[in-house]
Structures are given as structure tokens and as C-alpha cells.
1. Just to confirm a number: summing +1 for Lys and Arg and -1 for Asp and Glu over residues other than Lys77 whose beta-carbon lies under 13 angstrom from that of Lys77, what do you get?
2. For the cross-link pairs Lys176/Lys284; Lys179/Lys312; Lys93/Lys176, which exceed 25 Å when the distance is taken from alpha carbon to alpha carbon?
3. Express in Å², to the nearest 10, the accessible area of Thr249 obtained by rolling a 1.4 Å probe over the protein heavy atoms while all chains stay in place.
4. Report ³J(HN,Hα) in whole Hz for each residue of the stretch 23-37, in order, from the Karplus equation J = 6.51 cos²θ - 1.76 cosθ + 1.60 where θ = phi - 60°; Gly and Pro get x.
5. So for each of 212-225, 57-70 I average, over its residues, the number of other beta carbons within 10 Å; can you give me the resulting order with the highest mean first?
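The values are calculated or read from the model by the stated rules, or taken from the named source; none is laboratory data. Note that the coordinates shown come from a computational prediction; the quantities given were computed from them, not determined experimentally. A quick note on method: Cβ atoms are made from the backbone with ideal geometry, for glycine too, and the neighbour counts reach across all protein chains shown. Surface accessibility is based on the protein's heavy atoms, side chains included, excluding ligands, DNA and RNA. Shrake-Rupley method; radii C 1.70, N 1.55, O 1.52, S 1.80 Å.
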Amino acid sequence: FILYLAAGLAIGTPGKVLIINTSFILVTNVLGMLICYSSEISARKDFYLRHLLEQERQKVQRANESLESLVIERTRKLDNTNRRLRQEIRDRKSLESRLVQSQKMEAIGRLAGGIAHDFNNILHPIIGYAEMTMEHADPKSPVRTNLEKILQAADRARELVSHILAFSRQSDQDKKVMKVQPLIREVLLLVRASIPSSIEIRTDIDEKAGPILANSVQIHQILMNLCTNAFHAMADNGGVLSIVLTQVTLGDWQKAEGTRLEPGEYVRVIVTDTGHGMDPGIVKRIFDPYFTTKAPGQGTGMGLSVVHGIVKDSSGDIRVETAPGKGTAFYMDFPLAHKKILQNPSGNGKTAGLLEGPEKEPVNAPRVEDPQNG
């Protein structure tokens, strides 16, 4: 614009023409500048708005992602809480059922114990007078035969009384600190000789498992009863009888298994068979006295009730896992004895000595070969 004015003045362009031209140039430049500035402002405004929109969109996306992760975390926590609540409800129902069963067994035990003591008092004169009468009876007379039948029946009644007293936990059995391993081997020797070869016996005995405070005769009775029941469950088709002995540590979380034992060290005995199993209705009554699923004359219904009474009397716990066609497993937990004294398995009250160093079993203890390790 300045150069144009200088050139116009230099060549003598009329002033009127210069004014008109310079005015036109000035106006067109101002208009062009305004148009350019308007376009630039519009473009900058669109770009800035798009930039702000993108920033807001990213903020919304991050907020959605954070909210989604929070919802997932809360949902996971709610699922875990619901799962724990359902488990707690199941455990509480199980404990309530066990408490009712325990109270029922305790009441029946007190009643059975009183009846057994009275019945025992009645048996003593029957047996005494029958034995005295036999001394004066002719060995070949029918009277002596009848007296022998009376004594046989009285002996069976006396044995039944001992079962009832053991079930009611009122039998005066001395408890000693003893190892369970020799008793298991002794029982397996007896069982192996009395069951058919179609039933395989497997053992898994932990030699390092500690001693328990119990009566050896009662523990022997428990093992014989459970092995006998296992044999009866597999008598038709054969199967596998398994006895496991191990030492376990129970904590508060272990109560989910249904046990009410205090946390600590326990000796666990597991007797398992692959027989026909039991349905839940039978499982609820297996520890009731005189309840049996066997045919008449094949059982008194006192076996498992005696087992239950002995285990409880030993401060232990027993539970069963079974299903129709899946076999049965009995789990028995006995508190680990603090004083490690080896008990003679013969049950005569003598001890074989204190355990020093590695624990060993008596020299004359019966032995059963383990089919798994030869």
C-alpha cells in the first residue's frame, strides 16, 4: 500500500485517482483480513470444541471403566459373602443336627445304663444259682443240659449288658496312653482269617503317628465292629477294605467338615469299604442303639452305637461319608496324648516303657503285610 502511494506520486498520478485507488485497496484489504480472521476463529473454535469433546469423552470412558471394575469387585465380594453365608447356614444346620443327635444319644445312654445295671444285678443270681445247681446235677441228665442252655443265654445277656454299658459310657474301663498301630495289625490278622479272599485289605499306617489316651480293649472293639460291618457290606460282590492311620492338625476352619473338636493335634483312623453304601435316611440313624439294616439274627444293632459311645468317651469324634453304591468311610479322630508312653496292646494295664527317640512298637506285636508296599 505504501509502495503504491510512492509510485503514484512519483509518476504524477492525479490525486483523485490515488485517493480512489488507495481507498479501494484499503477497504479490500480490511475486508480480506476480516474474512481471514473470521475463518481462522471459526476453525480454531471447531478444533477447540472437538478437543474439549474428546477430553470429556475420555473422562466419561475412564469413569465407566472405573465404575465397571467397581461393580465387578462388589459383585465378587457379594458372591463370596453369599457363599460363606450359605456354607455357614449348612454348617449351622449340621451342628444343630449333630447336637440333637448327641442329646438324644445322651438321654438314651443314661436310660440304657440304668437299665443295664439293674439287669446285671438280676443276671448275677441267675448265673450263680445255675452254676451251683450244675455242680449237683448228673452230667448225663436233661437237667444239666437245660442248665447249660440257661448259662449260655445268661452269658449272651451279660455280653449284651457290657455292650449297653459301653454305649452309655458308664463302663469302668481304664484308659492308658497307647499306640494304635499294633492294635490295627492285630485286628487285621483276625479279620484276614475270617473274611473271603474276594475282599482285599489295604493299609496305610503312619508309624510316626503319636499315642492316644484310650482303652486298648475298646479300640480293638471299635476296629472289629467297623471291619465286620465293612465285610457285611461287601459280602456279595467283594471289594476293598482300607484302614488308614495318620496324624492330623485340626483348626477352626476344619469345623466345616462337621466336627466339633477343639483345634489341636489328633490321631485319625479311617475305615473305608467299597460296598453298597447307605442313603441319608439310614445315615441319620446308624448310631441309634438297636437300629440295624441286617436280617433278623445277623446283628443286634448295638455295634455302631457302641463305637459312637467309645469314641465320645475317649474325647474323640466320629463321622461317616457314604452314598448309595459309593461305599462307606468312617473317620475317627482321637486327641493326641501329651505323654508319649507306649501301651501294651494286650490291655493288661502294663506299659512297655517310655518312648525315647524314634517310636518303636513292641517286639511281640503282630504284623500284617501292607499289600501296597509288600
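1. Values: positive: Arg74, Arg76, Arg83, Arg84; negative: Glu73, Asp79.
Result for the local shell: +2.
2. Correct reply: Lys176/Lys284; Lys93/Lys176.
3. Accessible area of Thr249: about 80 Å².
4. With the stated coefficients, the stretch 23-37 comes to 5, 4, 4, 5, 5, 5, 5, 5, 4, x, 4, 4, 5, 4, 4 Hz.
5. Output ranking for 212-225, 57-70: 212-225, 57-70.
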